[in-house]
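The values are calculated or read from the model by the stated rules, or taken from the named source; none is laboratory data. Predicted model, so just to flag it, every value in this text is computed and none were measured. Don't worry about glycine lacking a Cβ; one is built from the backbone with ideal geometry, like all the others, and counts go over all protein chains shown. For the accessible areas, the whole protein counts, side chains as well, though only heavy atoms, and no ligand, DNA or RNA atoms are used. Shrake-Rupley method; radii C 1.70, N 1.55, O 1.52, S 1.80 Å.
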Amino acid sequence: MTTFRIGEAATLLGVSPDTVRRWIDAGRLAARRDDNGHRTVEG
């Protein structure tokens, strides 16, 4: 499965990266940490 970084997911969803972060923090969007500790969204 393809994974997207926060900025990439935001572009695809048509929202700001901050909105994606808030959705992740609120549990509205599932995310995982990659090997470098960055949050990624599966898509």
Practice prompt. Averaging sequence separations of C-alpha pairs under 8 Å and six or more residues apart, then dividing by the length of the chain, give the relative contact order as a whole percent.
Written response: 47 percent
Worksheet entry | Carbon plus sulfur fraction of accessible area for the chain, probe 1.4 Å, in percent | 46 percent
Item to complete: State the extension gain, in nm to one decimal, for the chain segment bounded by residue 36 and residue 15, taking 0.36 nm per residue of separation less the distance between their alpha-carbons.
Response: 5.2 nm
Response to the item:
Per DSSP, the loop-located trypsin sites (Lys or Arg not before Pro) within the chain having at most 12 other beta carbons within 10 Å are 28
Discussion item. Among 16, 43, 4, which residue has its Cα furthest toward the positive end of the charge dipole of the chain, with +1 on Lys/Arg Cβ and -1 on Asp/Glu Cβ?
Written reply: 16
Discussion item. Counting only helical runs of four or more DSSP H residues, what would the 222 nm mean residue ellipticity of the chain come to if each run contributes -39,500 (n - 2.57) and the total is spread over all its residues?
Written reply: -12000 deg cm²/dmol
Fill in: For the chain, projected area of the alpha-carbon convex hull averaged over all directions, nm²
2.8 nm²
Fill in: Most to least accessible of 18, 34, 25 (protein chains only, probe 1.4 Å)
25, 18, 34
Worksheet item: What accessible area per residue, rounded to a whole number of Å², is obtained for the chain using a probe radius of 1.4 Å?
Response: 75 Å²
